[in-house]
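Reading through the structure tokens given below for one structure.
The values are calculated or read from the model by the stated rules, or taken from the named source; none is laboratory data. Computed from a predicted structure; not experimentally measured. In this analysis, Cβ positions are derived from the backbone assuming ideal geometry, glycine residues included, and neighbour counts consider all displayed protein chains.
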Amino acid sequence: MSKPITLTPKQVIDRILDLLAAMPEVAKAMPQGCQTKAFWQELFGRNARARRLMETFQELPAFTEQAPTKRSLWREVFDKDYPGTMAVKVPEAMLTLQEVLNAANAPKPKHITMKRWRDGYDAQQEIQRVRPVESDEYIPNPHRGTTTFQRFQGDPVYAAMQTSDTHGPLDADLSAPASDNVKYIPQTTLSYCRWPWSYLEPKQGKYNWKIVDTALKAAHARGQTLQARFQPYTTQVNYSVTPCTAKRHPPDRSVNVPDWYWDTGAKWIAEGPFGFNEVDSNDPLYIKHFGNFIRAFAKRYDGHPDLESIDIAYAGFWGEAGGNSTPATGTKLANIYINNFKKTQLLSMLGTPGSKQAQALTGHTAHPAGWRADCFGDLHLTINAGVPAHLCWNHTFDAYPMSIAQIGAQDAWKRAPITMETCGNVATWFMSDYDLDVIMREGYRYHMSVFMPKSAFFPQQFLPKLMEFDKKIGYRFALRQMRLPLQSAPGKKVNFQFFIDNVGCAPIYRQYALAVRFRQGKVSKIVRFKQDVRTWLPGHAWFEENILMPSGLKKGEAKLDLVIVDERNQPKVWLAMKGEKVDGWHAMTSIDVV
């Protein structure tokens, strides 16, 4: 590919003088002195627009690749694109050079002394437009972004690359400041914790809710909400090392379910998918007792304001492997979650029978379940596998697209959040030489809202890209324009028009509201728009709505603020815009009360 030609400013002026010499009629139509270098140097240096035009002329095809080799051919360069005869033909060369004169002679913008906020508008103007400058900064918005794992904002990452599913936090320092994370996404609004069933129900029907209560309080104190999972079991147990207190239990070794569970007469299978003497997930006693725990948890915590979501984890190691459960068992256990969590967001485990049931039962209801996938980023390379290393099985190409299609969840992201959890972690991605750009591309394609990389450190080479990734997953609303009147009277309709750009890859799933605040001194009036913010899918959204100018405002200027609020009209979601905030509201403009 040939390299494009770019001229120096001196070469541009030489081309212009050569052109004028070849086309006298053009020179005659131009101002006196146009055939000197000084004339053009002065014009191009007169203002910013003229200087910008010089940069354009440095790449102008007529002056670069298409410039003639002979002076006599200049006319052909400009006239070849406009063949035929015209009654009055203005040479294109003249029009091109006229651009320089126009730019150099462009009037300077009028300086307006602003005594009042609307002095820049003529008296006959009735509307105003607000066009904020988009911000690229991290925004601590809820329900999206990267999570910490088994710890909270500001806690140290894991010391090495190994992380633990078993050891969810049992206690937390509720007075610790929410400092930045180190070698990780500096700030997050989500924590993800999970505990084995045995930690939370150490005795039958006796629950250790202190663990969960403390985690919820710690997350709140650090500016986070909590994603949670309770796992049937997480590790193999050797009874010669860790004695079992049950009177009957599997021989020698099993898994870390509550000891009391074996005394109920529960069954086990000699060899499970991941270990010896695993729980028989199809045993009615398992469905009963683990189901009772799910019900008890939901009764206490469903709808808790600091509980972000619950995983539909129902059988096998970590609750995601399924154990030996049949589709019928998976459906029964998923139904227990669905029937008992009526407020808190549920996330099914992609690739399990339970995820199919969750989509079928909730997908088009007012409380749809999202889904969660493990092993995000898997680009596994297997040596000596009988196939080329880069063509072996992995989750990215083999598991996810198939699993999503099989449960009919291709459009689930439009209604409920998608969470992706790493297989290994970012440090192991780096160690394995995985292509980070491919991994991030797939995250955007799945419209993920939440990234859970297990609080293992991010190698420095990956950290900047993952900080940008964190900004773009989930929702991110940029306000391109707000249009409204310059004035109105209390009780009168005020027409607002909004051009919103969701520059993220997913919508928001909470029933919040865009709201405007009219502010005069200590008087503050909030009006919520009826527009459903959950419909703002990635890309452009436009809507208009009439609201009533609130009563109680006096004649004169009222400041106008904007933000997305919760049910108590408190600021909840900020937009990606630069500018001042007042009490958590974006300060936008003013309106005259008449």
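Confirm whether THR326 is without any contact (Cβ under 8 Å) to a residue 24 or more places away in the chain and among the β-branched types (Val, Ile, Thr). Show your work before the answer.
On the way: without any contact (Cβ under 8 Å) to a residue 24 or more places away in the chain: no; among the β-branched types (Val, Ile, Thr): yes.
It is false that THR326 is without any contact (Cβ under 8 Å) to a residue 24 or more places away in the chain and among the β-branched types (Val, Ile, Thr).
Only one residue in ALA558, ALA541 is closer than 30 Å to PHE451 by Cα, touching a Ser or Thr at 6+ places or on another chain (Cβ under 9 Å), assigned to a strand (DSSP E or B) and at pLDDT 95 or above, so which one is that?
Working: ALA558 fails: closer than 30 Å to PHE451 by Cα.
The conditions single out ALA541.
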Exercise for the section: Kindly indicate whether TYR207 is of a type in the set (Phe, Trp, Tyr), modelled with pLDDT of 95 or more and either farther than 22 Å from ILE473 by Cα or in contact with a Gly (Cβ under 8 Å, 6 or more places away or on another chain) (or both). Expected result: yes
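crowded, with 16+ Cβ neighbours inside 10 Å, aliphatic (A, V, I, L, M), assigned to a loop (DSSP other than H, G, I, E, B) and at pLDDT below 95, is that true of ALA176? Please lay out each step first, then the result.
On the way: crowded, with 16+ Cβ neighbours inside 10 Å: no; aliphatic (A, V, I, L, M): yes; assigned to a loop (DSSP other than H, G, I, E, B): yes; at pLDDT below 95: yes.
So ALA176 does not fit the description; no.
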Exercise for the section: Look at the range 293-319 and say how many of its residues are more than 30 Å from the chain's Cα centre (by Cα), surrounded by 20 or more Cβ atoms within 10 Å (Cβ to Cβ) and among the aliphatic types (A, V, I, L, M). Expected result: 2
Practice task
Would you be able to tell me the number of residues in the range 428-447 that are surrounded by 22 or more Cβ atoms within 10 Å (Cβ to Cβ) and closer than 22 Å to ASN181 by Cα?
Solution key: 1
Practice task
List every residue pair whose Cβ atoms lie under 7 Å apart, where the two residues are 6 or more positions apart in sequence or sit on different chains, the first residue falls within the range 507-526 and is within 26 Å of GLY474 (Cβ to Cβ), and the second residue, located anywhere, is small (Gly, Ala, Ser).
Solution key: TYR509/ALA416; ARG517/SER524; ILE526/ALA515
Exercise for the section: Hey, can you tell me all the residues within the range 125-148 that are farther than 19 Å from LYS471 by Cα and not acidic (Asp, Glu)? Expected result: GLN125, ILE127, GLN128, ARG129, VAL130, ARG131
Practice task
Could you list all residues from the range 121-149 that are modelled with pLDDT of 95 or more and among the hydroxyl-bearing types (Ser, Thr, Tyr)?
Solution key: SER135, TYR138, THR146, THR147, THR148
Practice task
Provide a single number: the residues in the range 425-446 that are under 24 Å from LEU350 (Cβ atoms) and in contact with a Leu (Cβ under 9 Å, 6 or more places away or on another chain).
Solution key: 9
Problem - Any pair with Cβ under 7 angstrom, 6 or more apart, that starts in the range 379-391 at a residue that is on the phi < 0 side of the Ramachandran plot and ends at one that is part of a loop (DSSP other than H, G, I, E, B) and modelled with pLDDT under 80 - result: ALA389/LEU381; ALA389/THR382; ALA389/ILE383; HIS390/LEU381
Handout entry: Index of the failed condition, ALA315 passing every other in (1) part of a loop (DSSP other than H, G, I, E, B); (2) among the hydrophobic types (A, V, I, L, M, F, W, C); (3) farther than 21 Å from ASP280 by Cα; (4) in contact (Cβ under 8 Å) with a residue 40 or more places away in the chain
Key = (3)
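Can you report the number of residues in the range 320-340 which are within 20 Å of PRO417 (Cβ to Cβ) and surrounded by fewer than 23 Cβ atoms within 10 Å (Cβ to Cβ)?
So the first thing to find is which residues in the range 320-340 are within 20 Å of PRO417 (Cβ to Cβ), and the list is 320, 334, 337-338, 340.
Okay, now just the ones that are also surrounded by fewer than 23 Cβ atoms within 10 Å (Cβ to Cβ), so 338, 340.
Looking only at that region, the number is 2.
Report yes if some residue within the range 83-92 is in contact with a helix residue (DSSP H, G or I) (Cβ under 7 Å, 6 or more places away or on another chain), at pLDDT below 90, outside the structural domain of HIS220 (by TED's automatic domain parsing) and farther than 30 Å from SER191 by Cα; otherwise report no.
Filtering the range 83-92 for residues in contact with a helix residue (DSSP H, G or I) (Cβ under 7 Å, 6 or more places away or on another chain) gives 91-92.
Checking which are at pLDDT below 90 leaves us with 91-92.
With outside the structural domain of HIS220 (by TED's automatic domain parsing) added as a condition, the list becomes 91-92.
Then drop every residue that is not farther than 30 Å from SER191 by Cα, which leaves 91-92.
Looking for residues that are in contact with a helix residue (DSSP H, G or I) (Cβ under 7 Å, 6 or more places away or on another chain), at pLDDT below 90, outside the structural domain of HIS220 (by TED's automatic domain parsing) and farther than 30 Å from SER191 by Cα, one finds at least one in the range 83-92, hence yes.
Table: residues versus (1) in contact with a Cys (Cβ under 9 Å, 6 or more places away or on another chain); (2) modelled with pLDDT of 90 or more.
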| site | (1), (2) |
| --- | --- |
| GLY330 | no, yes |
| LEU333 | no, yes |
| ILE338 | no, yes |
| MET349 | no, yes |
| GLY354 | no, no |
| TRP371 | no, yes |
| CYS375 | yes, yes |
| SER403 | no, yes |
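Could you say whether any residue in the range 144-160 is among the small types (Gly, Ala, Ser), closer than 23 Å to GLN231 by Cα and surrounded by fewer than 16 Cβ atoms within 10 Å (Cβ to Cβ)? Walk me through how you get there before you give the answer.
Residues of the range 144-160 that are among the small types (Gly, Ala, Ser), as a first pass: 145, 154, 159-160.
From what's left, closer than 23 Å to GLN231 by Cα: none.
Looking through the range 144-160, none of the residues is among the small types (Gly, Ala, Ser), closer than 23 Å to GLN231 by Cα and surrounded by fewer than 16 Cβ atoms within 10 Å (Cβ to Cβ).
Given the structure, is GLY363 within 23 Å of the chain's Cα centre (by Cα) and not hydroxyl-bearing (Ser, Thr, Tyr)?
Details: within 23 Å of the chain's Cα centre (by Cα): yes; not hydroxyl-bearing (Ser, Thr, Tyr): yes.
Answer is yes for this residue.
Tell me which residues, restricted to the range 318-347, are outside any loop (DSSP other than H, G, I, E, B) and either within 25 Å of THR214 (Cα to Cα) or β-branched (Val, Ile, Thr) (or both).
Of all residues in the range 318-347, those outside any loop (DSSP other than H, G, I, E, B) come to 327-340, 345-347.
THR329, THR331, ILE336, TYR337, ILE338, ASN340, GLN345, LEU346, LEU347, listed by residue number.
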Handout entry: Output for the range 498-520, where each listed residue is surrounded by fewer than 20 Cβ atoms within 10 Å (Cβ to Cβ), β-branched (Val, Ile, Thr) and in a strand (DSSP E or B)
Key = none
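Might you let me know whether the range 31-45 holds any residue that is of a type in the set (Ser, Thr, Tyr) and in contact (Cβ under 8 Å) with a residue 24 or more places away in the chain?
Of all residues in the range 31-45, those of a type in the set (Ser, Thr, Tyr) come to 36.
Subset that is in contact (Cβ under 8 Å) with a residue 24 or more places away in the chain: none.
Checked against the condition, which is being of a type in the set (Ser, Thr, Tyr) and in contact (Cβ under 8 Å) with a residue 24 or more places away in the chain, the range 31-45 yields no hits at all.
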Practice task
Run SER240 past the list (1) small (Gly, Ala, Ser); (2) outside the structural domain of ASN425 (by TED's automatic domain parsing); (3) farther than 25 Å from ALA270 by Cα and report the number of the one that doesn't hold.
Solution key: (3)
Practice task
Having 1 or more residues that are free of Cβ contacts under 8 Å to residues at least 60 places away in the same chain is the bar; report the strands (runs of 3 or more DSSP E) wholly within the range 191-255 that clear it.
Solution key: 236-238, 253-255
